[in-house]
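Have a look at the structure below, then the notes.
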Amino acid sequence: CVASKGLDPETGRVLSEVVQDSYPDKTLAALSGPNLAVELARGIPTAAVCASNNEEAALLVRSAFSCSSYRVYISDDMKGVELAGALKNVIAIGAGMSDGMGFGDNTKGAFLARGLSEMTKLGVALGAKMETFLGLAGVGDLFATAASTLSRNYRVGYAIGQGQSLQQAVDSLGQVAEGVPTSDVVLMLASKVGVEVPLMETLHSVMHGKMGVK
């Protein structure tokens, strides 16, 4: 069961596809959703979605992880669940930038709506189902990651919004912010399938110093 959120930096493939290369005879599943680790460890009510091309595998994962504070739903859209989990990290960095610059909820609400639109269009073009982006792996995880100070991607964005460079923001975080390398892959994938992602292009330019944060 793949529980990491990201894309292969060289090929742009979702992680289950990379893992499948090493374990071609294994049945894989992907677990994702608004699952901030600190809250999960505290037993705060949390939900996730497990996706697999094999329903029995998804049900097995659900049975293994479900408890009084953790509910797991199932899906057959493994690619969509993984893409949503990776792409939302890029948008979450932008949400942090918005807050770091002192903008309000109007700004972030509009930003997240447009970001979700780009995530969905790109995901569908890559073979995912649109409804996946409207569920736990998409809008649910996007909201949690873009609104919580527990989110590493949000904190990197916030630091950039406060005037730090990307390197300073990442160094001060001291942890991995998956949205940073994912932003590189997003542009490659968008170009490959002919989908316009102006918001994510702009975020990439800001993160790499090609454009000022304002």
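Would you grab the residues whose amide H sits under 5 Å from the one on THR46? Only those 5+ places off in sequence or on another chain, please, with H modelled 1.01 Å from N.
TYR70, ARG71
Let me spell out the model: positive unit charges on the Cβ of Lys and Arg, negative unit charges on the Cβ of Asp and Glu, origin at the Cα centre of segment 118-214. What dipole size does that give, in debye rounded to 20?
Computed charge dipole of segment 118-214: roughly 100 debye.
Projected onto the charge dipole of the chain (+1 at Lys/Arg Cβ, -1 at Asp/Glu Cβ, origin at the Cα centre), which of GLY212, VAL124, THR46 gives the Cα projection farthest towards the positive end?
GLY212
Could you do me a favour and compute the accessible area per residue for the chain, 1.4 Å probe, result in Å²? Show your work: numbers first, answer last.
Numbers: 10470 Å² over 214 residues.
The answer is 49 Å² per residue.
Could you work out what % of the accessible surface of segment 1-152 is carbon and sulfur, using a 1.4 angstrom probe and leaving DNA, RNA and ligands out of the count?
On the way: 3930 of 7200 Å².
C and S fraction of accessible area: 55 percent.
Report the extension gain between PHE103 and LYS26 in nm, rounded to one decimal, defined as 0.36 nm multiplied by the number of residues separating them, less their alpha carbon distance. All intermediate terms of the calculation are to be shown ahead of the outcome.
On the way: separation 77, 0.36 × 77 = 27.72 nm, distance 4.74 nm.
Extra length from PHE103 to LYS26 when fully extended: 23.0 nm.
If I stretch the segment between GLN162 and LEU134 completely, what's the gain in nm (0.36 nm per residue apart, minus their alpha carbon distance), one decimal?
Details: separation 28, 0.36 × 28 = 10.08 nm, distance 3.08 nm.
Between GLN162 and LEU134, full extension yields 7.0 nm more.
Only bridges whose two residues both fall in segment 1-144 count here: according to DSSP, what percent of them are antiparallel, nearest 5? Mind dumping the intermediate values first?
On the way: 6 of 13 bridges.
Within segment 1-144, antiparallel bridges account for around 45 percent of the total.
Quick one: putting +1 on the C-beta of Lys and Arg, -1 on the C-beta of Asp and Glu, what dipole do you get for the chain around its Cα centre, in Debye to the nearest 20?
On the way: 17 positive and 21 negative charges, 103 e Å.
Using Cβ point charges on Lys, Arg, Asp and Glu, the chain gives about 500 debye.
Return the calculated 222 nm mean residue ellipticity for the chain, to the nearest 500 deg cm²/dmol, obtained by summing -39500 (n - 2.57) across DSSP H runs with n ≥ 4 and dividing by the residue count.
Numbers: 10 runs with 118 residues, N = 214.
Computed mean residue ellipticity for the chain: -17000 deg cm²/dmol.
Count of lysine pairs in the chain with Cα atoms under 18 Å apart, counting only pairs 8 or more residues apart in sequence or on different chains?
14
GluC sites (Glu not before Pro) within segment 3-79: which are DSSP loop residues with at most 11 other Cβ atoms inside 10 Å?
Working: sites: GLU10, GLU17, GLU39, GLU55, GLU56; in loops: GLU10.
Answer in residue order: GLU10.
Of the labelled options [x] 51, 47, 31; [y] 66, 44, 29; [z] 49, 40, 30, which one gives Cα extents along the principal axes in Å as computed for this structure?
Working out Cα extents along the principal axes in Å from the coordinates points to [z].
If you take the square roots of the eigenvalues of the alpha-carbon gyration tensor of segment 52-98 and sort them as a ≥ b ≥ c, do you get rounded (a/c under 1.5), prolate (a/b over b/c) or oblate? Could the numbers behind the result be given before it?
Values: a/c = 5.14, a/b = 1.80, b/c = 2.85.
Oblate.
The values are calculated or read from the model by the stated rules, or taken from the named source; none is laboratory data. Bear in mind that the values here come from a model prediction, so they are computed numbers and not experimental data. A quick note on method: Cβ atoms are made from the backbone with ideal geometry, for glycine too, and the neighbour counts reach across all protein chains shown. Surface accessibility is based on the protein's heavy atoms, side chains included, excluding ligands, DNA and RNA. Shrake-Rupley method; radii C 1.70, N 1.55, O 1.52, S 1.80 Å.
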